[in-house]
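Below is one structure, written out as structure tokens; comments come after it.
Since every read-out is calculated from the coordinates, none of them should be taken as a lab result. The structure displayed is predicted, hence computed values, not measured ones. Every residue, glycine among them, receives a Cβ derived from its backbone with ideal geometry; neighbour counts consider all protein chains shown.
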Amino acid sequence: MKKINVAVAGLGRIGKIHLKNLCRNFPELEVVAVMDVLDESKAIADEFNIPNFTKDFDELLASPGLDVVVICSPTDTHADYVVKAAKAGKQIFCEKPLDLSLERVVEVLEIVKESGAKLMLGFNRRFDPEFKKIKQLVLNDAIGDPQIIKITSRDPGPPPVSYIKVSGGMFLDMTIHDFDMARYISGKQVKEVFAKGAVMVDPEIRKAGDIDTAIITLTFEDNTMAVIDNCRKAVYGYDQRLEVFGSKGMAQAENNFPNNHKLYTESGVSGDLPLHFFLERYDASYNQEMREFIDALVSGSEMPVNGNDGLLSIAIGLAAKKSLEENRPVKIDEILN
Ligand SMILES: NC(=O)c1ccc[n+]([C@@H]2O[C@H](COP(=O)([O-])OP(=O)(O)OC[C@H]3O[C@@H](n4cnc5c(N)ncnc54)[C@H](O)[C@@H]3O)[C@@H](O)[C@H]2O)c1
């Protein structure tokens, strides 16, 4: 059978993860070309025996027989690259977020639709084995009608201020994963967003126009509520927990640890800290999201995370920004209409 030919754009933190998975765990496909604007990234192409390295996206797209493009470059390139790939008739996996402007996202999704290209967005946490189990429990009615969803999402440390300045702010860069998780778990649409935020980690983040600590409340169309708590710095590491409370019970996913042993002594009980950051904590999810993307392409089924999911998570992020600025609950329709 003909192999699926894949190209990867952007070989930074997330690009390397996807490239490693694509090369090692997908015998049905071949990575035929990679690109990055940095000369040094050629070494990554060599490490994985990729025959073609380029610094130019158009050249990447022109790779003979190319079927799929995986876009892992910085956020401000996503919209342009998705448009080019769609117009070139390629299938597309693009990292989140698609863009920081809702208008641009709408425009890009229209072009993708006209082209007939399939597009999946990288909301990898949906593919985490623990969170998938919680979703399954909700679908199986094991906890009854969900009433409260609680998401704790705290990073071990803030990114450099240079990153924060171009990130679109904490809600669109970091909380966007939690907005998607809340939508995924509830299966409902968000109708209202209320956000409180502060700078409690680093005053430089305030100077960059952002916050580092927040509580966001989402209200869904059926009045289910979700509360998300975020911080850019948790001294004990990456804190990623999920709880769903409903009419028949409660389901919880705790943090993942490198091992589960505990030391009990007369002075207390101790154990390892949670897995340090996203590359370790969500390792399995990155492979699984690519598995489900490729399977959906081959079977012709719906993409597991589609363009509209991307659009709605950005709309919730923009509503959270407005809520924080104006210190009031913001209806999602104020953003979408
Ligand atoms: N789903 C997730 O869990 C997750 C995690 C991290 C990052 N991301 C997203 O992935 C994207 C990349 O993030 P990262 O953390 O890997 O960043 P990074 O800075 O580590 O890597 C970005 C790479 O893109 C290259 N690059 C710069 N300009 C480019 C261009 N015009 N074309 C192609 N490549 C270019 C850089 O040289 C670098 O190698 C961001 O949009 C981010 O939001 C998603």
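Among Val37, His78, Asn256, which residue has its Cα positioned farthest towards the positive end of the charge dipole of the chain, with +1 placed on the Cβ of Lys and Arg, -1 on the Cβ of Asp and Glu, and the dipole taken about the Cα centre?
Comparing the listed Cα positions along the dipole, Asn256 ranks first.
Over the alpha-carbon set of the chain, work out the extent along each principal axis and list the three values in angstrom, largest first.
59, 56, 47
Per q in 0.24, 0.27 1/Å, what log10 I(q)/I(0) does a Debye calculation on the alpha-carbon atoms of the stretch 77-121 return?
Result of the Debye calculation: -0.75, -0.95.
Where nothing but the Cβ of Lys and Arg (+1) and of Asp and Glu (-1) is charged, how large is the charge dipole of the stretch 4-117 around its Cα centre, in debye to the nearest 20? Spell out each step's value before the answer.
Details: 12 positive and 19 negative charges, 63 e Å.
The dipole of the stretch 4-117 has a size of about 300 debye.
Tell me, what does the Kirkwood hydrodynamic radius of the stretch 116-190 come to in angstroms if you use every pair of distinct C-alpha atoms? Kindly include the intermediate steps, with their values, before the conclusion.
Numbers: mean 1/r = 0.0692 Å⁻¹.
Every distinct Cα pair counted, the radius reaches 14.5 Å.
For the chain, with the dipole built from +1 on Lys and Arg beta-carbon atoms and -1 on Asp and Glu ones, taken about the Cα centre, which of Gly237, Asn25, Val69 lies farthest toward the positive end?
Going by the Cα projections, it comes out as Gly237.
By how many nm would the segment from Asp46 to Glu204 lengthen if fully extended, with 0.36 nm per residue of separation less the alpha-carbon distance? Intermediate results must be reported in sequence, preceding the final value.
Working: separation 158, 0.36 × 158 = 56.88 nm, distance 3.85 nm.
Here the answer is 53.0 nm.
Find, among the GluC sites (Glu not before Pro) in the stretch 227-278, those assigned to loop by DSSP (not H, G, I, E, B) with at most 13 other beta-carbon atoms within 10 angstrom. Walk me through the numbers before you get to the answer.
Working: sites: Glu243, Glu254, Glu266; in loops: Glu254, Glu266.
Counting only loop positions with at most 13 other Cβ atoms within 10 Å, the GluC sites (Glu not before Pro) in the stretch 227-278 are Glu254, Glu266.
With bins 10 Å wide starting at 0, give me the P(r) of the stretch 110-253 over every alpha carbon pair, in whole percents.
11, 37, 31, 18, 3
Figure the gain on full extension for Lys331 and Tyr163 (residue separation times 0.36 nm, minus the Cα-Cα span) and round it to one decimal in nm. Could you put the intermediate results ahead of the total?
Details: separation 168, 0.36 × 168 = 60.48 nm, distance 2.94 nm.
Result: 57.5 nm gained on full extension.
How big is the convex hull of the Cα atoms of the stretch 4-117, per residue, in Å³? Before the final figure, lay out the partial values.
Working: hull volume 10.2 nm³, N = 114.
Per residue, the Cα convex hull of the stretch 4-117 comes to 89 Å³.
So how do 180-186, 222-228, 28-34 stack up, highest first, on mean other-Cβ count within 10 Å? Write down the numbers at each step before the final one.
Details: 180-186: 23.6, 222-228: 18.0, 28-34: 20.3.
Going from most to least packed, we get 180-186, 28-34, 222-228.
Filter the chymotrypsin sites (Phe, Trp or Tyr not before Pro) in the stretch 216-305 to those in DSSP coil with at most 10 other Cβ atoms within 10 Å of their Cβ, and list the result. The partial results should precede the final answer.
Numbers: sites: Phe220, Tyr236, Tyr238, Phe245, Tyr264, Phe277, Phe278, Tyr282, Tyr286, Phe293; in loops: Tyr236, Tyr238, Phe277, Tyr282.
Answer by residue number: Tyr236.
Just to compare against my own numbers: the Cα pair-distance distribution for the stretch 170-272, 5 Å bins, whole % per bin, please.
In whole percents, the pair-distance histogram is 2, 10, 17, 19, 16, 13, 11, 7, 4, 1, 0.
How about the stretch 291-330: which GluC sites (Glu not before Pro) there are in a DSSP loop, with at most 13 other Cβ atoms within 10 Å of their Cβ? Please report the intermediate quantities before stating the final value.
Numbers: sites: Glu292, Glu302, Glu325, Glu326; in loops: Glu302.
Hits after loop and neighbour filter: Glu302.
Could you tell me which of the pairs Lys135/Lys248; Lys207/Lys233; Lys196/Lys321; Lys2/Lys113 are separated by over 19 angstrom between their Cα atoms in the structure shown?
Lys2/Lys113
Only helical DSSP H runs with n ≥ 4 go in: add -39500 (n - 2.57) per run for the chain, normalise by residue count and round the 222 nm mean residue ellipticity to 500 deg cm²/dmol.
-11500 deg cm²/dmol
Using alpha carbon centroids, what distance separates the stretch 74-151 and the stretch 163-237, in Å?
Each part reduced to its Cα centre gives a spacing of 17 Å.
Treating only the Cβ atoms of Lys and Arg (+1) and Asp and Glu (-1) as charged, compute the dipole magnitude of the chain about its Cα centre; round to the nearest 20 debye. Please report the intermediate quantities before stating the final value.
Details: 40 positive and 51 negative charges, 76 e Å.
My answer is approximately 360 debye.
For the stretch 233-337, what is the convex hull (Cα atoms) projected area averaged across all directions, in square nanometres?
On the way: hull surface 48.4 nm².
Seen from a random direction, the Cα hull of the stretch 233-337 projects 12.1 nm² on average.
Let's test the formula: R0 of 56 Å, r as the Cβ-Cβ distance of Ser301 and Ser267. What FRET efficiency results, to the nearest 0.05? Could you put the intermediate results ahead of the total?
Values: r = 55 Å, r/R0 = 0.99.
Computed FRET efficiency for Ser301 and Ser267: 0.50.
Once the Cβ-Cβ distance between Val37 and Met250 is put in as r, and R0 is 45 Å, what FRET efficiency do you end up with, to the nearest 0.05?
Working: r = 48 Å, r/R0 = 1.06.
It comes to 0.40.
As I understand it, the dipole of the stretch 148-284 uses +1 on the Cβ of Lys and Arg and -1 on the Cβ of Asp and Glu, about the Cα centre. Which of Pro159, Ala214, Val193 lies farthest toward its positive end?
The Cα lying farthest towards the positive end belongs to Val193.
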